[in-house]
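S.K.: This is the structure I have questions about; it appears just below.
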Amino acid sequence: MRCEIFPAELDAAVNFYTRVLDFTVTKDRRADARAYVSMRREDVQIGVGRRAVEDARDARRPPIGVEFVLEVDDAAPATPAPLTSAPHRPRAARPAATAAPTLA
């Protein structure tokens, strides 16, 4: 699994993943304008990038939040699962709206 996170505190996030969760830093570009650190622990890779804005309420677009990437060796053999729910039935038509009476 691979994911990217965009925490408010880049250094604190890197410290947490390396010291508490035992990840190893594989790429450290904190000095770059677009600071980014890549870490790995076994089959899990985490990228940590600096937020583009300081306050997430000001901009709700990436890079704020989390991005998950699931990698598979081969997706070709996958087949869709059969539907197990009842077939789709169209909704009944709603009655036409009537105009509200006007007061004179």
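S.K.: Has the range 27-42 got at least one residue that is surrounded by 15 or more Cβ atoms within 10 Å (Cβ to Cβ), of a type in the set (S, T, N, Q) and modelled with pLDDT of 90 or more?
M.R.: Among the residues of the range 27-42, at least one is surrounded by 15 or more Cβ atoms within 10 Å (Cβ to Cβ), of a type in the set (S, T, N, Q) and modelled with pLDDT of 90 or more, which makes the answer yes.
S.K.: List pairs: first residue in the range 2-28 and within 14 Å of Asp43 (Cα to Cα), second residue aromatic (Phe, Trp, Tyr) and assigned to a strand (DSSP E or B) anywhere in the structure, Cβ distance under 6 angstrom, at least six positions apart or on different chains.
M.R.: What qualifies is Cys3/Phe68.
S.K.: Could you list, in sequence order, the residues of the range 17-46 that are of a type in the set (A, V, I, L, M) and touching a Ser or Thr at 6+ places or on another chain (Cβ under 8 Å)?
M.R.: Val25, Met39, Ile46
The values are calculated or read from the model by the stated rules, or taken from the named source; none is laboratory data. Note that the coordinates shown come from a computational prediction; the quantities given were computed from them, not determined experimentally. Cβ atoms come from the backbone with ideal geometry, glycine included; neighbour counts cover every protein chain shown.
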